[in-house]
1. Of ALA139, ALA88, ALA95, which residue is within 16 Å of the chain's Cα centre (by Cα), touching a residue at least 24 places away in the same chain (Cβ under 8 Å) and within 21 Å of ARG76 (Cα to Cα)?
2. Filter segment 98-107 for residues that are assigned to a helix (DSSP H, G or I) and either assigned by TED's automatic domain parsing to the domain that holds ARG27 or closer than 22 Å to ARG182 by Cβ (or both) and give the result.
3. Return yes or no: is ARG137 among the charged types (D, E, K, R), surrounded by 16 or more Cβ atoms within 10 Å (Cβ to Cβ), farther than 26 Å from GLY31 by Cβ and modelled with pLDDT of 95 or more?
4. Given the criterion part of a helix (DSSP H, G or I), surrounded by 20 or more Cβ atoms within 10 Å (Cβ to Cβ) and small (Gly, Ala, Ser), identify the matching residue among ALA86, ALA80, ALA95, ALA66.
5. Restricting attention to segment 20-63, which residues are among the aromatic types (Phe, Trp, Tyr), buried (at least 19 other Cβ atoms within 10 Å of the Cβ) and assigned to a helix (DSSP H, G or I)?
Amino acid sequence: MSPDTLPIEAPTRREQIAQVAARAFCRFGYGSASMREIAAEVGITPAALYHHFRNKEEILFEVIAAYTDDLLAMLRHEFAAGPDAASALRRALLAHILLLETRQVETRLVIDEKKHLSPPHLKRIVLREREVYGLYRDAVNGIIASGEARKLDATVVTFALFGIVNYFYQWFRPGGALTLRRAAEQSIALVFGGLLDPSAGGVPERRAAKKTRTR
């Protein structure tokens, strides 16, 4: 049997509960979603649900933790793959925004419902988010150090990037005139239009074209 024909494993009961609960948290809000309704949608009794999760907050934490772990791994890969800081930042921003195609539910929970986590759980998520922040800030600092950027503060730039990425899920609706990729590319172009200093030849594609013409 080739890799292309291998059967896709069905989710475990625990994974199924987490998926159903995540959708319920998005649809009704964490506070209004009930464990009884989640159990009913999964097709199990409330007692069986509590066999897998001690409480509703544990489900929320597991969903958010899995998403932030995946996000961090993806961003590490994208930042490492770029030939320079600017290219790496472009790759990471695009991949981060395009997560909405497959992880919209988790994205919403991280942004809107994370506040319901208990302090120990919240601390673990915040530590992961600081790692994400560090990856972006390092890339911004790399662009600034290269002399390609305008005279900007790295902290301001990094938080502005998060504002753009995190707000996407609130305004973008599939099926419109723009695909998510196209909307992401336009947003990233605006970011780099403000970040890079044209007088420094800061756009990598222009630098490459200039080198070609002068050979």
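The values are calculated or read from the model by the stated rules, or taken from the named source; none is laboratory data. Keep in mind that this is a model prediction, so the values were computed, not measured. We place every Cβ from the backbone using ideal geometry, glycine too, and count neighbours over all the protein chains shown.
1. Numbers: ALA139 fails: within 16 Å of the chain's Cα centre (by Cα); ALA95 fails: touching a residue at least 24 places away in the same chain (Cβ under 8 Å).
Among ALA139, ALA88, ALA95, only ALA88 is within 16 Å of the chain's Cα centre (by Cα), touching a residue at least 24 places away in the same chain (Cβ under 8 Å) and within 21 Å of ARG76 (Cα to Cα).
2. Taking segment 98-107 and keeping what is assigned to a helix (DSSP H, G or I), we get 98, 100-107.
If the condition is that a residue be assigned to a helix (DSSP H, G or I) and either assigned by TED's automatic domain parsing to the domain that holds ARG27 or closer than 22 Å to ARG182 by Cβ (or both), then LEU98, LEU100, GLU101, THR102, ARG103, GLN104, THR107 are the ones that fit.
3. Working: among the charged types (D, E, K, R): yes; surrounded by 16 or more Cβ atoms within 10 Å (Cβ to Cβ): yes; farther than 26 Å from GLY31 by Cβ: yes; modelled with pLDDT of 95 or more: yes.
It is true that ARG137 is among the charged types (D, E, K, R), surrounded by 16 or more Cβ atoms within 10 Å (Cβ to Cβ), farther than 26 Å from GLY31 by Cβ and modelled with pLDDT of 95 or more.
4. Working: ALA80 fails: surrounded by 20 or more Cβ atoms within 10 Å (Cβ to Cβ); ALA95 fails: surrounded by 20 or more Cβ atoms within 10 Å (Cβ to Cβ); ALA66 fails: surrounded by 20 or more Cβ atoms within 10 Å (Cβ to Cβ).
So the residue among ALA86, ALA80, ALA95, ALA66 that is part of a helix (DSSP H, G or I), surrounded by 20 or more Cβ atoms within 10 Å (Cβ to Cβ) and small (Gly, Ala, Ser) is ALA86.
5. In the first step, residues of segment 20-63 are kept if they are among the aromatic types (Phe, Trp, Tyr); the result is 25, 28, 30, 50, 53, 61.
Next, from what is left, pick out any that are buried (at least 19 other Cβ atoms within 10 Å of the Cβ): 25, 30, 53, 61.
Matches in segment 20-63: PHE25, PHE61.
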